[in-house]
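Undergrad: Structure incoming, see below.
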Amino acid sequence: MTNYKKLFEPTKLEALNLNTRTAMAPMTRCFADDETGVVNDETADYYRRRAKDGIGLIITEGVVISDRAKGNPGVPGIYSREQIDAWKQVTSAVHEEGGTIIAQIWHVGRLSHPELIKGQQPQAPSAIAAEGQVPRFRKPYEVPEEMTKQDIKEVVGQYAQAAKNAIEAGFDGVEIHGAHGYLIDQFNSAFSNKRTDEYGGDLAQRLTFMKEVIAAVIDAIGAERVVIRFSPHKVDAPDYRWDDAEEAVKTFVEAFNEVGVKIIHPSMLNFYEDVKDGQNLYQIVRKYWDGPIIGVGSLTPESAERALEEGWIDVAAIGRPLISNPDYLQRINANESLVQYEPKTHLPQLI
Ligand SMILES: Cc1cc2nc3c(=O)[nH]c(=O)nc-3n(C[C@H](O)[C@H](O)[C@H](O)COP(=O)(O)O)c2cc1C
């Protein structure tokens, strides 16, 4: 008899059927062919193992929507024929195990370097360079090119096309990566968005680009298979927080309702962090959002079970422990200990 009744409960998020209330958090692994962005049978095996373990929803590593959207070597894409066809072996493997898998569609915006994107300049809402260096590449960020309205239109179209491609490749849906300081979040955040047109201004106004992306993706594949991920922290500013988390949540929720997105995935590094008056972010989100919420951030089986029991979230996403434990659910069900995630040992191998 499991100690984790809620975690092991089947559930349905709109069109997505989950065997358990668990998700594999999206995690970049850099194992695609660097030149072509094509995945291989090792990738299929990697995701198959988590589906076989019973993980309810697999959210892939970030998958780029164009060759200019890439920010690390070895990241897969979903915009060429070869890439789409190669993903079919991954989605089939997961479906053979009875799992559900969605592709995380990604554009890194300014968090890139010309050498990663075939000599092009990274694009962003404003011509402001991020601080620091490109991870796993070790070159400083450069000043990006400010996107014109035509560029914005083109990139919104690329998100929609990537979503259609994902469905063609056999995915059950997509997650739009609107978190962690990448392109959508660069529009969302005041320090990277200084625009004076309709894409800039106060928070509600800065969310315009995100709303256009969500609307285009929903139009392409239907709202019942679309998840939006968003976050206060950024990879280039991990300590960044909204001034007032409750006000920010209200503004985001208004934007989500306006475009009709149904499944949301707020991202925290630490789920239980106090973001306002003793409340965690998910408690606040739940006050304003009745629909499905995926939660994440250093969750243990115990703390995930509690978050589900409290009703703050509907599905618990697990990141690093699922890299080091492909048999995560089997282990916790049998009360066996988990293998500690070690970046140095676990990053270079697809286990
Ligand atoms: C190696 C690694 C790669 C990651 N890549 C992505 C990514 O591609 N997209 C994304 O939204 N988050 C990414 N994340 C963040 C995770 O999805 C997750 O939110 C984070 O690891 C916190 O969950 P955890 O404490 O259970 O690991 C990554 C995290 C790690 C450790």
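The values are calculated or read from the model by the stated rules, or taken from the named source; none is laboratory data. Because the structure is a prediction, the values reported are computed rather than measured. Using ideal geometry, Cβ is built from the backbone for each residue, glycine included, and neighbour counts are taken over all protein chains shown.
Undergrad: Is it the case, given these coordinates, that residue 290 is part of a loop (DSSP other than H, G, I, E, B), more than 16 Å from the ligand (Cβ to nearest atom) and surrounded by fewer than 20 Cβ atoms within 10 Å (Cβ to Cβ)?
TA: In short, yes.
Undergrad: Same structure, new question: Could you list, in sequence order, all residues of segment 263-283 that are assigned to a helix (DSSP H, G or I) and in contact with a helix residue (DSSP H, G or I) (Cβ under 8 Å, 6 or more places away or on another chain)?
TA: The answer is 281, 282.
Undergrad: Among the listed residues 102, 184, 128, which satisfies the condition of being β-branched (Val, Ile, Thr) and either touching a His at 6+ places or on another chain (Cβ under 9 Å) or at positive phi (or both)? Can you show your working first?
TA: Details: 102 fails: either touching a His at 6+ places or on another chain (Cβ under 9 Å) or at positive phi (or both); 128 fails: either touching a His at 6+ places or on another chain (Cβ under 9 Å) or at positive phi (or both).
When all the criteria are applied, what remains is 184.
Undergrad: Do we find a residue being at pLDDT 95 or above, of a type in the set (A, V, I, L, M) and assigned to a loop (DSSP other than H, G, I, E, B) anywhere in segment 244-262?
TA: yes
Undergrad: Within segment 312-328, can you find the residues that are more than 23 Å from residue 247 (Cβ to Cβ) and away from the ligand (no atom under 15 Å from the Cβ)?
TA: Hits for segment 312-328 are 314, 327.
Undergrad: With the condition kept exactly as written, say whether any residue in segment 8-22 is within 14 Å of the ligand (Cβ to nearest atom) and either more than 22 Å from residue 334 (Cβ to Cβ) or not β-branched (Val, Ile, Thr) (or both).
TA: No, segment 8-22 has no match at all.
Undergrad: Name the residues in segment 207-224 that are in a helix (DSSP H, G or I) and crowded, with 23+ Cβ neighbours inside 10 Å, would you?
TA: 209, 210, 213, 214, 217, listed by residue number.
Undergrad: Also: Across segment 164-186, which residue is nearest to residue 78 (Cα to Cα) among those that are more than 16 Å from the ligand (Cβ to nearest atom) and in contact with a strand residue (DSSP E or B) (Cβ under 9 Å, 6 or more places away or on another chain)?
TA: So, considering only residues that are more than 16 Å from the ligand (Cβ to nearest atom) and in contact with a strand residue (DSSP E or B) (Cβ under 9 Å, 6 or more places away or on another chain), the one nearest to residue 78 (Cα to Cα) is 165.
Undergrad: Turning to a different aspect of this structure: Can you name every residue in segment 301-351 that is crowded, with 20+ Cβ neighbours inside 10 Å, part of a helix (DSSP H, G or I) and in contact with an Asp or Glu (Cβ under 9 Å, 6 or more places away or on another chain)?
TA: Selection gives 308, 322, 328, 329.
Undergrad: Still on this structure, I have one more. Those residues that are at negative phi and within 14 Å of the ligand (Cβ to nearest atom), I need them from segment 23-38; list them, please.
TA: 23, 24, 25, 26, 27, 28, 29, 31, 32
Undergrad: So, one more: Looking at (1) surrounded by 22 or more Cβ atoms within 10 Å (Cβ to Cβ); (2) under 23 Å from residue 157 (Cα atoms), find the lone condition where residue 38 falls short.
TA: The number of the failed condition is (1).
Undergrad: Let me ask something else about it. Filter segment 123-157 down to residues that are surrounded by fewer than 24 Cβ atoms within 10 Å (Cβ to Cβ), of a type outside the set (Asp, Glu) and in a strand (DSSP E or B) and give me whichever is modelled with the lowest pLDDT.
TA: 133
Undergrad: Considering only residues of segment 142-162 that are away from the ligand (no atom under 16 Å from the Cβ) and among the hydrophobic types (A, V, I, L, M, F, W, C), which is nearest to residue 294 (Cα to Cα)?
TA: The residue in question is 160.
Undergrad: Same structure, new question: Between residues in segment 254-278 that are in contact (Cβ under 8 Å) with a residue 60 or more places away in the chain and residues that are surrounded by fewer than 16 Cβ atoms within 10 Å (Cβ to Cβ), which pairs lie under 6 Å by C-beta distance while being six or more apart or on different chains?
TA: Every condition considered, the pairs that remain are 262/291.
Undergrad: Any chance segment 47-60 includes a residue that's surrounded by fewer than 24 Cβ atoms within 10 Å (Cβ to Cβ), among the aromatic types (Phe, Trp, Tyr) and away from the ligand (no atom under 13 Å from the Cβ)? Working first, answer last.
TA: Narrowing segment 47-60 to residues surrounded by fewer than 24 Cβ atoms within 10 Å (Cβ to Cβ): 48-49, 51-54.
Now drop any that are not among the aromatic types (Phe, Trp, Tyr), which leaves none.
No - not one qualifying residue is present in segment 47-60.
Undergrad: Right, here's the next one. Within the bounds of segment 172-180, is there any residue that is on the phi < 0 side of the Ramachandran plot, touching a Pro at 6+ places or on another chain (Cβ under 8 Å), surrounded by 15 or more Cβ atoms within 10 Å (Cβ to Cβ) and assigned to a helix (DSSP H, G or I)?
TA: No, because not a single residue in segment 172-180 is on the phi < 0 side of the Ramachandran plot, touching a Pro at 6+ places or on another chain (Cβ under 8 Å), surrounded by 15 or more Cβ atoms within 10 Å (Cβ to Cβ) and assigned to a helix (DSSP H, G or I).
Undergrad: Filter segment 262-287 down to residues that are away from the ligand (no atom under 16 Å from the Cβ) and surrounded by 15 or more Cβ atoms within 10 Å (Cβ to Cβ) and give me whichever is nearest to residue 222 (Cα to Cα).
TA: 262
Undergrad: A further question follows. For residues that are part of a loop (DSSP other than H, G, I, E, B) and under 18 Å from residue 225 (Cα atoms), scanning just segment 66-122, find the one that is farthest from the ligand (Cβ to nearest atom).
TA: Applying the filter and picking the extreme gives 98.
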